[in-house]
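Read through the structure below, which is laid out as structure tokens, and then see the notes.
The values are calculated or read from the model by the stated rules, or taken from the named source; none is laboratory data. In this text, all values refer to a predicted model and were calculated from it rather than measured experimentally. Note that each Cβ is placed from the backbone with ideal geometry, even for glycine, and that neighbours are counted across all protein chains shown. SASA here: full protein model, heavy atoms, side chains in, ligands and nucleic acids out. Shrake-Rupley method; radii C 1.70, N 1.55, O 1.52, S 1.80 Å.
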Amino acid sequence: MDEATHFMTRKTSVWFLFSLFLIGNIVQTVSAQDSLVPEKPRPVKPKIDSTIVGYFNGSFDSLSLGYTHYVDTNLLFVTRFDPLSRQVHLQQTLSNAGLAHQSLCFEPVFNHGVGLLPNPFRAYIFTSDDISYLQPTAALTEIGYMMGSKKEQQLNVLFGRQVAPNTFVGMDFRLIDSKGPYKNNATNNSAVYFTARYNTKNKRYGVLGHYLNSKINVNENGGIMADSIFEKDLEFDRRVIGVNLENAVNQYKLSGFGFEQYFILLSEKRQTSDSTSEKRRFQLGRIVHQFEYQRIQSVYSERNPLSDFYKNFDPVINNKATYDSSYQSLARNRFYWSSLGYNTFERDVPLHVYGGLELVSGRMADSIFSKGLWQVNPFGGINISLFRSFYVNGQVKLITGSESSGDLELYGKVRQFLGTESRNLGHLFFSFRLINQSPSWFMERYRSNHFRWDNNFGKTTFVSFRGGYQIKGLEGGAEWHIVDKYLFLNSQARPQQTNGTAKIYRLFGNLHFKPGKFDVLANLNYQYTDNDTLFSLPALSARLRFTFSQLLIKDVATFQTGLESYWFTSYYADAYMPALKSFYPQREKKVGNYPFVDVFIALKVKRARIFGQFSNAFGLLKDYRYYTTPHYPMRDARFYVGVSWRFYQ
């Protein structure tokens, strides 16, 4: 991306945000002043406060079941401004914010019967699974801005408003703009969604909808040409170090819209013989219709296809320029019945059952091939709670139709509290997951300037078990994954399928203790696989966050300081192929065994949160081993400042 384009893109984004802020405040002035169920336990509802903003995800069913979460307003995680820092597991990534990444812990993924190209930018985009519907007591506008070295900027805007009785609108916007420390390393990513929600006064009918748009525009340099220049600190100016690709760009765009509407089958009250009414003891539940349209466009372009970076792969078709494009469009209609009626549950519902059909139509295409698809997918689930101490959740989905017919996902979870949910000695949990799925279209048939294949693979099966114990701020347990006929990219970045079975084991521990004015958070993972040529995983990975907080002025100002560190053992981390947007195994270079340390201070003054952070502080000791991906050094020691400001009206 040239300098003029970079400037215009940033300028357009700023004007877009300023316009949204003006519109939000105009609306506040003229308006009246008036997966279906999450798997994790609900947070405890905080004390009533007009400044607390709740939200629910995905479906009206989540709202009825009481699965309401709350927008974070404290200082504990204010410095985790980068989306990767907010992921459950540590991530392998490249040399700048906003680039490709993958988890350091094994996680099987169900592709729901469709799949074109891999998406290594998942943390930086919005999909329908990420949509949150705000429930603000008062109109909310929250603006967050972070500025770092090398002209890195991140901007977040959250807006929510009740515009009429039982009618809410909302928006979430995120922008990452960074030139990066190395040549051809710049990123300009944006993601936004808008929401609207309405229900009738008696709650018998409700409708919600969303529109989303995410754009990824990243320069791909293929990593530095000589690691020794970085590791021996032979060149202070990182932009002088040679890189493998100087003209490659990856663009990824996801856009779409959707809505949901429900109707409760029986009215809340029934007429009695004396012409009065009373609440029904029995309800027939509700019928739900969900619709979603999604379009994905992906382009990889390169002005020097004959670069030595590609010499070990397929001969090029066009030796003057690369322009590999792919496209996918999907429309989903879901019709289902749910046993939920008018009630809103503060605790888990004794019995919740749902089931229905999903109708899918779409088209997938790359630079040469195009293919349509249709599916009729039955799905259902059940949630049971007994004695406020024993909980069972289960769901199933079967794929039928022209694409991936016979694919299946089955999931079940059991929780047993030692006591009751409100008063207990912790709880035991166990879950089971079965995935049986066809290879994605990308793995079976693909044509580009540098890679071509036509395969006929069988289905891959994942069987996963997870269990453990949790009490207050401490959780520990184990996972066991069995993978049959695993499909992966091999060391030549070409699809390959195994004939046998592989196993992955993980032991994990998580804690959050609050001794006095301190907060101590830690995560520890140990992984082992019986086939490390298929699965490149660090044996140990850990993250620690330690903070000290001091109240300066009651109800006005709080000060916090602390550090956060993450570390993983040395291992053969996957290499990255920009032309495929994919990670693949390599056995030439190990990375890891380096402590990434960030130190920070933060201040909360009424509704404003301000922080300063020095990242990769250990880099000051001249130990140049800070990689998470071979040939992509992580960023040097650097300083960030940021602010998050919330407005109500």
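When you scan the stretch 78-102, how many residues do you find that are out of contact with any strand residue (DSSP E or B) (no Cβ under 6 Å at 6 or more places or on another chain) and outside any loop (DSSP other than H, G, I, E, B)?
3
Which number in (1) in a strand (DSSP E or B); (2) within 23 Å of the chain's Cα centre (by Cα); (3) at pLDDT below 95 marks the one condition that PHE535 misses?
Answer for PHE535: the failing condition is (1).
List the residue pairs whose Cβ atoms are under 9 Å apart, where the first residue sits in the stretch 143-159 and is more than 26 Å from VAL53 (Cβ to Cβ) and of a type in the set (Gly, Ala, Ser), the second is assigned to a strand (DSSP E or B) and open to solvent by 50 Å² or more (accessible area, probe 1.4 Å), and the two are 6 or more positions apart or on different chains.
Hits for this filter: GLY148/PHE639; GLY148/VAL641; SER149/PHE639.
If you check LEU373 against the conditions, is it of a type in the set (A, V, I, L, M) and not in a strand (DSSP E or B)?
Values: of a type in the set (A, V, I, L, M): yes; not in a strand (DSSP E or B): no.
Here the answer is no, as LEU373 does not meet what is asked.
Show me the strands (runs of 3 or more DSSP E) found entirely inside the stretch 115-192 where at least 1 residues are of a type in the set (Asp, Glu).
Numbers: elements: 132-136, 140-148, 152-164, 167-178.
Once the strands (runs of 3 or more DSSP E) in the stretch 115-192 are filtered for at least 1 residues that are of a type in the set (Asp, Glu), what remains is 140-148, 152-164, 167-178.
Report yes if some residue within the stretch 515-524 is in a loop (DSSP other than H, G, I, E, B), modelled with pLDDT under 95 and among the small types (Gly, Ala, Ser); otherwise report no.
Yes - at least one qualifying residue is present in the stretch 515-524.
Looking at the structure I just gave you, is LYS215 buried (at least 17 other Cβ atoms within 10 Å of the Cβ) and either part of a strand (DSSP E or B) or not hydroxyl-bearing (Ser, Thr, Tyr) (or both)? If you could, list the steps in order and put the result at the bottom.
Numbers: buried (at least 17 other Cβ atoms within 10 Å of the Cβ): yes; either part of a strand (DSSP E or B) or not hydroxyl-bearing (Ser, Thr, Tyr) (or both): yes.
Considered against the rule, which asks whether it is buried (at least 17 other Cβ atoms within 10 Å of the Cβ) and either part of a strand (DSSP E or B) or not hydroxyl-bearing (Ser, Thr, Tyr) (or both), LYS215 comes out as yes.
Which ones in the stretch 361-370 are in a strand (DSSP E or B), more than 27 Å from the chain's Cα centre (by Cα) and surrounded by 14 or more Cβ atoms within 10 Å (Cβ to Cβ)?
Taking the stretch 361-370 and keeping what is in a strand (DSSP E or B), we get 361-365, 370.
Then drop every residue that is not more than 27 Å from the chain's Cα centre (by Cα), which leaves 370.
Scanning the stretch 361-370 gives no hits.
Can you name the residue in the stretch 183-193 that is of a type outside the set (A, V, I, L, M, F, W, C) and out of contact with any Gly (no Cβ under 9 Å at 6 or more places or on another chain) and is also least open to solvent (accessible area, probe 1.4 Å) among such residues?
Of everything passing the filter in the stretch 183-193, ASN185 is least open to solvent (accessible area, probe 1.4 Å).
If you scan the stretch 394-428, which residues turn out to be out of contact with any Phe, Trp or Tyr (no Cβ under 8 Å at 6 or more places or on another chain), in a strand (DSSP E or B) and modelled with pLDDT under 95?
Selection gives LEU418, GLY419, LEU425.
Given the criteria of a type in the set (Lys, Arg), open to solvent by 20 Å² or more (accessible area, probe 1.4 Å), more than 28 Å from SER59 (Cβ to Cβ) and in contact with an Asp or Glu (Cβ under 8 Å, 6 or more places away or on another chain), does LYS232 qualify? If you could, list the steps in order and put the result at the bottom.
On the way: of a type in the set (Lys, Arg): yes; open to solvent by 20 Å² or more (accessible area, probe 1.4 Å): yes; more than 28 Å from SER59 (Cβ to Cβ): yes; in contact with an Asp or Glu (Cβ under 8 Å, 6 or more places away or on another chain): no.
Taking the combined requirement at face value, the residue does not satisfy it.
For (1) modelled with pLDDT under 90; (2) closer than 30 Å to SER404 by Cα; (3) surrounded by fewer than 18 Cβ atoms within 10 Å (Cβ to Cβ), each residue gets a yes or a no:
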position: VAL88; (1), (2), (3): no, yes, yes
position: ASN96; (1), (2), (3): no, no, no
position: ALA100; (1), (2), (3): no, yes, no
position: LEU104; (1), (2), (3): no, yes, no
position: GLU107; (1), (2), (3): no, yes, yes
position: PRO118; (1), (2), (3): yes, yes, no
position: THR127; (1), (2), (3): no, yes, yes
position: THR141; (1), (2), (3): no, no, no
position: MET146; (1), (2), (3): no, no, no
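Just one of (1) at pLDDT 90 or above; (2) surrounded by fewer than 17 Cβ atoms within 10 Å (Cβ to Cβ); (3) of a type in the set (A, V, I, L, M) trips up LEU373, so point out which.
The one condition LEU373 does not meet is (2).
Which residue, of TYR632, TYR572, TYR566, is open to solvent by less than 30 Å² (accessible area, probe 1.4 Å) and not β-branched (Val, Ile, Thr)?
Values: TYR572 fails: open to solvent by less than 30 Å² (accessible area, probe 1.4 Å); TYR566 fails: open to solvent by less than 30 Å² (accessible area, probe 1.4 Å).
It is TYR632.
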